[in-house]
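Peer 1: Structure in C-alpha cells, see below.
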Amino acid sequence: MSTLLRLGKNILSYPSISAFAQDERVVRVGRTLVSYYYYIMPYMALVFLTSNALSEENFEPFWPIAWTAWLGLDFAATTLTIKLFFCLVSVAAIFWHDRRFMRVLVFLALWQIHALESSFGAVNHQWYGWLYTSFIFTFLPDLWRKESFESRRLFLFLIWSAQASIALLYSLAGAHKLLAAAGQFVLGEIHGFSSAAFSYLVADWVLKLQHPAPLAPYIIDYPYIFWLPFALVPFFQLFSLWIMVRPRLQKLWASGLLLLYFGIGLTMGISFHPLALLVALLFFCSPFSAPYRSWWEFVGDLPIIGQLYEYLIVHRRKST
Amino acid sequence: MAYRVAKMVVLATFALYALVAINLRGPLQDVYPIFSWSLFSLIPNPDYRFTIEVLEARGEKHNPPLRFSESKALFEGINQSPTQYTPRINRLGRALINNNAREVAEARAELEAVFGEEAFRYQVVMIYADPVDYWKSGSYRVVNILEEFASDKQP
C-alpha cells in the first residue's frame, strides 16, 4: 500500500518550479521563449492579413467587436481598423514585449482579430491557443529589469501555465475521442477502434470539406494498414497533460503532435498550422525540457508504462 | 501577483475549463472562450442525414441538381468552407421534420445569407448515406425531398 501511495504521490508531483527558478539556464531559456513568441507575432498578423477576404454578406459581429457597431463603423472600416491595429501592435511587440502594456495590447489585438474572424457564423478554434497564451503572458513579471527569486518563480510558472493550457486542449480532445468510441461501441456502431473507422472518418470529412487530400484514397481502401497509429491517437492526446509533470517528454510529445498534424493534412486536407506553430514554439523551446541520460530514464517518464516500470523496481528493491 | 495565488488561480481555471469542455457535446461546442475540443471524435456511420441540392445559384441552373458535397465553388466567392454550413442544413432539416415554421425561417435566413443578393433555389433532402460508399460511387439514396425553397432575392 505504501508503495502505491508513494507512486501516486510521484505521479502527481509536477516539476518543482522553485528548483527551476534557481537555475540560470532555465530562466534564460524561458525569457528567450517569450521573446520568440512575440518575434513571430508579425508573421501571425500576415496570416490574418492574407488568409481571407471574407464577405460582408455573412458578417455578424461577434460580441467582442460590438464596439464597432456602437461607433457606426461599417464592414470595411471594421476590418481595416482591427487588422491595422493587430499589424502595428505585432510589430511594436518585437521591440517592447518586455513591457506589460505591450503584452496587454498584443492580447487585445489578438482577441479583436480572433473575434473578427469568428464573425462569419462560426468561432475560429485554431486561434484559441494563441489567445490563451497571450492572455497568460500579460501577467508575466518584469524579469527583464528586476529579478528576484519570487519573480523568476512566477515567470517560469506562467510559462508552464501557457504550455499546460495547450496540453489541456489535446487531453480534452483525447478524452472526447475515447468517450465517443465507448458510446458508439455500446450502440453497436462503427467506433474509434473499429478497423474501418479511419476510412469512414476520412471519407466523410473529405466529402464535407471538398479539399484534396493525397492519402485519402489509400486510407479509404486500406484502413487496416493505418489502424494502429489511428487507434493510438486518442491515448497519445489524452496523456498530453502528462508532459507538464514529466517535462523531459515535451519535445518528443510535440514531435508526435506535429506528425499528427501532417497526418491530418495528408489524409483529410485540413490544416492546423497556427496551432502547430504554437506547439512547436512552446515545447521545442521549452525551458523545462532536458535530455535523458539513459533509456531507462525515458521509459520511467512514460505514462502507465513508466509507472509500472517504477513499481516493479520499487517492488524488487523491497523484496531484496 | 504571488506565486502561490497564481498557482491556485491557474489550476482552478484549468479544472473549470476541463469540466465545462468535457460536458459540451453535440452541435453546441462553444461557450466562448471555451471549446469542447471534440474534434473527429464520432465516427460517421451509414445513416440518415440532411443535405441540400442546389437547383439554381449564381445565375446558373443545375439539372440534375448540384449536390452540396460538390458545391465548393459556390462558397469560394465568400472564402468560406461548405463544412461551416452543415450545421445550418441540419437545423433546417430538423425544423422541416418538426414543422417548426419559426425555426425554418431562421435556418433559411442563415443558409441563404451565403448567396447575398443573388438568386438561389435549392431543395432540402433527407438521404441515406454510407460515407465510404458515397466516396467510392459518388451517389447516395434520396429518401425524401422535404421542401424546395427559393431565396427572397429572386429577380
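Peer 1: At a Förster distance of 30 Å, what's the computed FRET efficiency of B:Asp30 paired with B:Gln123, Cβ-Cβ distance as r, to 0.05?
Peer 2: The calculated FRET efficiency here is 0.50.
Peer 1: Moving on. With +1 assigned to the C-beta of every Lys and Arg and -1 to the C-beta of every Asp and Glu, and no other charges, what is the dipole magnitude of region A:203-320 about the Cα centre in debye, to the nearest 20?
Peer 2: I would put it at about 520 debye.
Peer 1: Here's another thing I want to ask about it. How high is the relative contact order of chain A, in percent, with contacts defined as C-alpha pairs under 8 Å that are six or more residues apart?
Peer 2: This gives 21 percent for chain A.
Peer 1: Can you tell which of A:Phe149, A:Trp205, A:Leu33 lies farthest toward the positive end of the dipole of chain A, using +1 and -1 charges on the Cβ of basic and acidic side chains (Lys, Arg; Asp, Glu)?
Peer 2: With unit charges placed on the Cβ atoms, the residue in question is A:Phe149.
Peer 1: Build a GNM of chain B with springs between Cα atoms under 10 Å: which of B:Gln29, B:Gln84, B:Gln123 gets the top mean-square fluctuation?
Peer 2: B:Gln29
Peer 1: Any idea how far apart A:Leu308 and A:Arg25 come out in nm if each label point goes 7 Å out from Cα toward Cβ?
Peer 2: With each label point 7 Å from Cα toward Cβ, the separation is 3.3 nm.
Peer 1: Another question, then. Would you work out which of A:Thr81, A:Trp63, A:Gln237 lies farthest towards the positive end of the dipole of the protein assembly as shown, given +1 charges on the beta-carbon of Lys and Arg and -1 on that of Asp and Glu, about the Cα centre?
Peer 2: A:Gln237
Peer 1: Taking each residue of A:157-170 in turn, how many C-beta atoms of other protein chains fall within 10 Å of its C-beta, and what is the average?
Peer 2: Mean partner shielding for this stretch: 3.
Peer 1: What ranking of A:Ile113, A:Ile40 emerges when the number of other C-beta atoms within 10 Å of each C-beta is taken as an exposure proxy, fewest first?
Peer 2: With the fewest neighbours first, A:Ile113, A:Ile40 line up as A:Ile40, A:Ile113.
Peer 1: Right, here's the next one. Return the calculated 222 nm mean residue ellipticity for chain B, to the nearest 500 deg cm²/dmol, obtained by summing -39500 (n - 2.57) across DSSP H runs with n ≥ 4 and dividing by the residue count.
Peer 2: -11500 deg cm²/dmol
Peer 1: Among A:Lys177/B:Lys7; B:Lys72/B:Lys136; A:Lys146/B:Lys7; A:Lys83/A:Lys177, which pairs are too far apart, with a Cα-Cα distance over 24 Å?
Peer 2: With Cα atoms farther than 24 Å apart: A:Lys177/B:Lys7; A:Lys83/A:Lys177.
Peer 1: Testing the spin-label approximation: label points 7 Å from Cα along Cα→Cβ at B:Asn100 and A:Val47. State their distance in nm.
Peer 2: 3.6
Peer 1: Nearest 10 degrees is fine. How inclined is helix B:86-97 to the longest principal axis of chain B, computing both from alpha carbons?
Peer 2: Once rounded, one gets 60 degrees.
Peer 1: Cut-off is 10 Å between beta-carbons; in what order do A:Met44, A:Met244 appear when sorted fewest neighbours first?
Peer 2: With the sparsest Cβ surroundings first, the list reads A:Met44, A:Met244.
Peer 1: Given the convex hull of the Cα atoms of chain A, what is a quarter of its surface area in nm²?
Peer 2: Projected over every direction and averaged, the Cα hull of chain A covers 21.2 nm².
Peer 1: Partner chain Cβ atoms within 10 Å, averaged over the residues of A:177-187 - can you pull that number for me?
Peer 2: That works out to 3 on average.
Peer 1: Taking chain B as the reference, fit the longest principal axis to its C-alpha atoms, fit the long axis of helix B:101-112 to the helix C-alpha atoms, and give the angle between the two in degrees, 0 to 90, nearest 10.
Peer 2: In chain B, helix B:101-112 runs at an angle near 90 degrees to the longest axis.
Peer 1: A further question follows. Could you tell me the calculated FRET efficiency between A:His273 and B:Lys136, based on Cβ-Cβ distance and R0 = 30 angstrom, to the nearest 0.05?
Peer 2: Calculated value: 0.50.
Peer 1: Given the peptides A:190-198, A:21-29, arrange them by the average over their residues of other C-beta atoms within 10 Å, most packed first.
Peer 2: Per-residue Cβ counts within 10 Å, averaged per peptide and sorted highest first, yield A:190-198, A:21-29.
Peer 1: Quick check: Cα centre of region A:147-188 to Cα centre of region A:219-237, how many Å?
Peer 2: Value for the Cα centre distance between the two parts: 22 Å.
Peer 1: Which order do the peptides B:61-69, A:294-302 come out in when sorted by mean C-beta neighbours inside 10 angstrom, highest first?
Peer 2: Result, highest mean first: B:61-69, A:294-302.
Peer 1: Considering only B:Pro65, B:Trp37, B:Leu146, whose Cα is most displaced toward the positive end of the charge dipole of chain B, charges sitting on Cβ of Lys, Arg (+1) and Asp, Glu (-1)?
Peer 2: Projecting each Cα onto the dipole axis, the largest value belongs to B:Trp37.
Peer 1: Which value, in debye to the nearest 20, gives the size of the charge dipole of chain B about its Cα centre, when Lys and Arg are +1 and Asp and Glu are -1 at the Cβ?
Peer 2: Result for chain B is approximately 640 debye, rounded to the nearest 20.
Peer 1: I'd like the mean, over residues of B:62-69, of how many other protein chain beta carbons sit within 10 Å of each residue's own Cβ.
Peer 2: 1
Peer 1: Quick one: which of B:134-146, A:275-287 comes out on top by average Cβ neighbours within 10 Å, and what's the full order, highest first?
Peer 2: By packing density, highest mean first, the sequence is A:275-287, B:134-146.
Peer 1: For every helix of n ≥ 4 consecutive DSSP H residues, a contribution of -39,500 (n - 2.57) applies; sum these over chain A, divide by its total residues, and give [θ] at 222 nm rounded to the nearest 500 deg cm²/dmol.
Peer 2: Value at 222 nm, helices only, nearest 500: -22000 deg cm²/dmol.
Every number here is computed from the coordinates shown, using simple stated rules; none is lab data. The structure presented is a predicted model; accordingly, all values stated were derived computationally and were not measured. Glycine also receives a Cβ, built like all others from the backbone with ideal geometry; neighbour counts cover every protein chain displayed.
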